[in-house]
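Read through the structure below, which is laid out as structure tokens, and then see the notes.
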Amino acid sequence: MALPHTLRALRSPNFRRYYTGQTVSMIGTWIQSVALMWLAYRLTGSTFFTGLVGFLQSIPHLLIGPLAGVLGDRMDRRRLLMIVLSLMALQSATLAILAWTGYITTWSLALLAAFGGICNAFETPTRQSIFVQLIDKREDLPNAIALNSMLMNGTRLIGPSIGGLLIAASGETLCFVLNALSYTAVLWALKGVKLQPRVERPRVHPMVDLAEGWRYAMGWLPVRRMLITLALVSASISPYATLMPAMAVNTFGHGAELVGLFIGCVGLGAVFAAYNLARRPNIRGLGNWIPRCAIIAGLGMAGFGLSTNIYLSCLLLMLTGFGMFLSSSSVNTILQTIVDEEKRSRVMSYYTTFFIGAAPFGHYAAGWLAEHVGVRVAFMISGSVAVLTGLIFLARAPSFRAELRAAYIQRGIIPADPTASS
């Protein structure tokens with residue numbers, strides 16, 4: 001199929017089919033994300049409770065994410081994905097019924113948020129690690145990861161905006177219904193794809209697999225440093241979503257439509273980040289962007305806390321989205337390029353554990369800060385943490401680049417030239 005170089009992974013029919021179904025599903029997911037947070041804030045009027053909902057959605061990644069990686073390296077990834085996606089559709093349908101009948105309570109909302117988080121803890125690392133089986137050419141893997149990031153963040157731009165308008169027009173129920181229906185698209189796509197075969201590996205006890213994955217990830221300096229940096233950036237930037245309803249109401253005097261616009265601006269910035277990544281011919285020099293983007297994201301977040309102008313706030317949130325998601329996508333791309341295939345799902349489970357599993361602590365802390373010192377100060381403190389994280393990474397960059405360069409040389413990504421960039 002004739003496609004530009006920026007979209008080269010879509011030349012693979014299996015990846016193209018999956019990508020189409022996942023696009024529909026992710027629009028529904030982002031529509032629901034706005035509805036869920038708005039419903040939590042409408043029921044309680046509390047930033048602490050919206051922070052708690054964010055915590056419950058994310059904490060399973062920390063607690064059970066590594067187990068999902070073990071499963072992904074042991075069983076059929078497509079089958080695992082289809083089971084989990086079906087359960088996520090069931091969660092959305094349950095939310096729709098409870099919201100429509102008026103039986104939704106803070107307890108049921110919290111429990112369903114936690115259930116969705118458990119499902120996501122299995123879905124995310126499995127989805128990340130299945131790309132290599134969907135593409136025809138292994139060298140297109142970094143482009144597939146970049147296009148997936150573009151999809152996630154392009155739908156982040158579209159979905160929240162649609163969700164905000166739907167909430168303003170008819171309430172949250174329709175958002176949950178649409179998300180439940182959207183899962184049929186990606187389930188249809190997965191049912192029809194033909195996966196590339198995986199390398200057979202000897203069967204050992206699951207706990208042995210779990211321990212081996214941890215030693216592999218934490219024992220290698222580039223991986224360890226990227227994951228720790230990712231966790232700190234995620235914990236400091238992710239709370240923007242849970243704080244947004246209070247910011248829209250208390251600072252700008254608007255409702256759900258402004259929440260959708262602001263979250264959409266984060267998505268727009270992330271789309272620019274994904275496009276930047278997709279157009280790269282290779283991953284050389286990508287490691288340099290991790291600390292720079294952490295600083296950009298932090299400055300955008302802190303600036304948003306200071307801003308009282310909607311247009312300026314939109315620009316600052318675009319910077320936040322650009323920085324956060326180019327940083328996280330750079331880590332993702334580098335990890336998937338340098339890890340051993342038989343450990344891919346386990347390493348990617350640690351990626352999601354550190355990226356998404358760290359977020360609940362940020363949600364909880366930001367919700368507490370917003371209750372005690374105000375939502376604007378909470379944004380400024382969170383942004384400052386991300387800036388500091390990027391500066392610390394920069395100060396220790398030489399050792400990171402040296403070991404990453406050695407990995408690139410070993411895999412033939414760059415020549416054995418001391419002047420080559422990592």
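Here are some notes:
- Evaluating residue 53 against the criteria (1) at pLDDT 85 or above; (2) out of contact with any helix residue (DSSP H, G or I) (no Cβ under 8 Å at 6 or more places or on another chain) leaves one unmet condition, (2).
- Any hit, the stretch 152-163, residues being within 22 Å of residue 103 (Cα to Cα) and modelled with pLDDT of 85 or more: yes
- Condition check for residue 159: touching a residue at least 24 places away in the same chain (Cβ under 8 Å), part of a helix (DSSP H, G or I) and buried (at least 24 other Cβ atoms within 10 Å of the Cβ): yes
- Residues being farther than 20 Å from residue 289 by Cβ, in a helix (DSSP H, G or I) and either β-branched (Val, Ile, Thr) or modelled with pLDDT under 80 (or both) - total across the stretch 314-346: 5
- Residue list for the stretch 233-263, filter: in a loop (DSSP other than H, G, I, E, B) and polar (S, T, N, Q): 238, 251
- Residue within the stretch 402-412 that is open to solvent by less than 20 Å² (accessible area, probe 1.4 Å), within 25 Å of the chain's Cα centre (by Cα) and not acidic (Asp, Glu) present: yes
- Checking each residue in the stretch 31-80 for being among the small types (Gly, Ala, Ser) and on the phi < 0 side of the Ramachandran plot picks out 33, 35, 40, 46, 51, 54, 58, 65, 68, 69, 72.
- Condition check for residue 215: more than 30 Å from residue 281 (Cα to Cα), open to solvent by 30 Å² or more (accessible area, probe 1.4 Å), assigned to a helix (DSSP H, G or I) and among the charged types (D, E, K, R): yes
- Any hit, the stretch 391-402, residues being under 26 Å from residue 157 (Cα atoms) and touching a helix residue (DSSP H, G or I) at 6+ places or on another chain (Cβ under 6 Å): no
- From the options 215, 292, 225, 203, residue that is at pLDDT below 85 and among the charged types (D, E, K, R): 203
- Number of residues in the stretch 239-251 that are hydroxyl-bearing (Ser, Thr, Tyr) and either surrounded by fewer than 24 Cβ atoms within 10 Å (Cβ to Cβ) or on the phi > 0 side of the Ramachandran plot (or both): the value is 1.
- Note on the stretch 340-398: among residues that are touching an Asp or Glu at 6+ places or on another chain (Cβ under 8 Å) and not acidic (Asp, Glu), the one that is nearest to residue 214 (Cα to Cα) is 346.
- Any hit, the stretch 371-386, residues being in a loop (DSSP other than H, G, I, E, B), surrounded by 15 or more Cβ atoms within 10 Å (Cβ to Cβ) and modelled with pLDDT of 85 or more: yes
- Taking the criterion of being over 25 Å from residue 257 (Cβ atoms) and either open to solvent by less than 40 Å² (accessible area, probe 1.4 Å) or in contact with a Gly (Cβ under 7 Å, 6 or more places away or on another chain) (or both), the residues of the stretch 162-193 that qualify are 183, 185, 186, 187, 188, 189, 190, 192, 193.
- The residues of the stretch 278-313 that are part of a helix (DSSP H, G or I) and open to solvent by 10 Å² or more (accessible area, probe 1.4 Å), listed by number, are 288, 289, 292, 295, 296, 299, 302, 303, 306, 310, 311, 312.
- The stretch 8-29 residues that are touching a residue at least 40 places away in the same chain (Cβ under 8 Å) and assigned to a helix (DSSP H, G or I), paired with ones that are of a type in the set (D, E, K, R) and open to solvent by less than 40 Å² (accessible area, probe 1.4 Å) (beta carbon under 6 Å, 6 or more apart): 8/140; 9/140
- Pair list, Cβ < 7 Å and 6+ apart or interchain, from the stretch 353-379 residues that are closer than 15 Å to residue 56 by Cβ to residues that are outside any helix (DSSP H, G or I): 359/238; 362/238; 362/239; 363/238; 363/239; 366/239
- Scanning the stretch 266-277 for residues that are open to solvent by 10 Å² or more (accessible area, probe 1.4 Å) and either over 30 Å from residue 411 (Cβ atoms) or not in a helix (DSSP H, G or I) (or both) gives a single hit, 268.
The values are calculated or read from the model by the stated rules, or taken from the named source; none is laboratory data. Please read these numbers as outputs of a predicted model, since none were measured by experiment. Quick reminder, even Gly has a Cβ in these numbers, built from the backbone with ideal geometry, and neighbours come from all protein chains shown. Just so you know, the surface numbers come from the protein's heavy atoms only, side chains and all, with ligands and any DNA or RNA stripped out. Shrake-Rupley method; radii C 1.70, N 1.55, O 1.52, S 1.80 Å.
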